[in-house]
1. Note down the relative contact order for the chain as a percent, whole number, built from C-alpha pairs under 8 angstrom at least six residues apart.
2. Taking the Cα atoms only, what angle lies between the long axis of helix 89-104 and the longest principal axis of the chain, rounded to 10 degrees?
3. For Lys66, give me every one of the lysines with a C-alpha distance below 18 angstrom, ignoring sequence neighbours fewer than eight places off in its own chain.
4. Quick one: helix 2-38 against the long Cα principal axis of the chain, what's the angle to the nearest 10°, folded into 0 to 90?
5. Check cross-link reach from Lys369 to the lysines: straight Cα distance under 26 Å, and skip same-chain residues fewer than eight apart.
6. Expressed as an acute angle from 0 to 90° and rounded to the nearest 10, what is the orientation of the C-alpha long axis of helix 343-366 relative to the principal long axis of the chain?
7. Give the residue from Val165, Val145, Asn179 lying farthest towards the positive end of the charge dipole for segment 143-195; charges sit on Cβ (+1 for Lys and Arg, -1 for Asp and Glu) and the dipole is referred to the Cα centre.
8. Which order results if His264, His297 are arranged by neighbouring Cβ count within 10 Å, fewest first?
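What follows is calculated from the coordinates using simple rules that are stated; it is not laboratory data. Just so you know, these numbers come straight off a predicted model, no measurement behind them. A quick note on method: Cβ atoms are made from the backbone with ideal geometry, for glycine too, and the neighbour counts reach across all protein chains shown.
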Amino acid sequence: MKDWISLLLILSLVLQVLLVTIFSLQVKRRRAQRIFWDKTPILKWPPVEVILCLRGADESLLPMLKAISRQDYLGDWRLQIVVDSPDDPSKMIVETFLASHRLSGSVRPTWKDLKLQILAGRPLRGSLKCAALLQAFENLNDETVVVAFIDADAIVKPDWLSQLVQACLQPGIGAVSGNRWFVPERDTLLGWTRAVWNAGALVMMTILAIPWGGSLAVRREVIDAGSWKTLLEYSFCEDTGLLRPLRELGLRYVFRPELLIVDHQDGISLQALSGWVSRQLLTARLHHPAWPLVALHGMGTTALLFAGLFNGAWLALATYEIGCFVLLLWIESIAMQRSPRSLMGWARALFIGQIVDGWATLNAFLLRKVEWREVIYQVTDWPRGVAPLESPKLFDVRSPSNSSGSFRSD
């Protein structure tokens, strides 16, 4: 038995190497494509809209608003903000930010127009975020060609919108997104545990074409002519279900490595981390065709680790863990385009991250209720989506002032 476990661990490591190699080749090819695009710039940048859905006051909301207000997009662009309720604390932050610009006489935001609106009603099925997006879709400007989406924890660079639009308008492309990369600023163990999980998720999401809604753009026809709006009526999130609507229109999704957003947050508990990872994986279970591969990877590798521990396959285990550590350094060098700087962080959190991944994957399989921003949803298998447990009149049973953070598509 010990020999079989050792063999399986080595084969699993070989598979991990293959996956990271494919990821590396894809990222390098897409960066090379962008160099070619730079030689053929868009002559007329089309009208664009950015949608931000908010529930609760994230610490990064104000920096995010400052960052998005400084976009150097050369065409006209508009910002739509949909706030969960009139009493939501994020509304005051947005209004204070806008008032400070008017009173200080500082450089005005580069958007042509901003529409701040309140979510009009609670859905009978689907998430509040999806309801907010559907409401925003009804208010799109007639001239809008590309619609972008951003999370309140995404601190973007001035060329973020330009990069999204240019990538989205390439032939055959209907949607593009970036992803996140965690670098815990306080160097906490759980912060690095989340970083370990996210590094592996970045590889899988790139290879399996799983979009990320925190930095996402779609062509207007995906909203108007496709089945995406129907899907959003019962979906938990907006991003992982995009592939089928895109295929129906003969379009593709592509991950763009230049849109990777660095996140320095690390203040998270073990319980919150487990729930957070489970929720990310649940979105794949509900809405993405590659979920069986994601689940096999998560639970299979963790099961092998435990089998190796219980059967004393110490040499194979050590080889596997050292190999995974080297792969993390490789992923960091690819994602960040620099020599690895996080050796101790990866080493400390590697094993814990692997265990959390396996547990969260199993949990995502079993989840029938999930809490997101202090709203509990019932997970249903047909259609594969969610529905709020509370009746419409009692939907928001907890005050949003007690919650923190924005809607996130993760």
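1. Values: 731 pairs, mean separation 99.8, N = 410.
Relative contact order here is 24 percent.
2. Compared with the principal axis, the helix lies near 60 degrees.
3. Lys91, Lys112, Lys115, Lys157
4. Here the helix axis deviates by roughly 30 degrees.
5. Within the straight-line limit of under 26 Å, Lys369 reaches these lysines: Lys129, Lys229, Lys393.
6. So the helix axis and the longest Cα principal axis differ by about 80 degrees.
7. Asn179
8. Going from least to most buried by this count: His264, His297.
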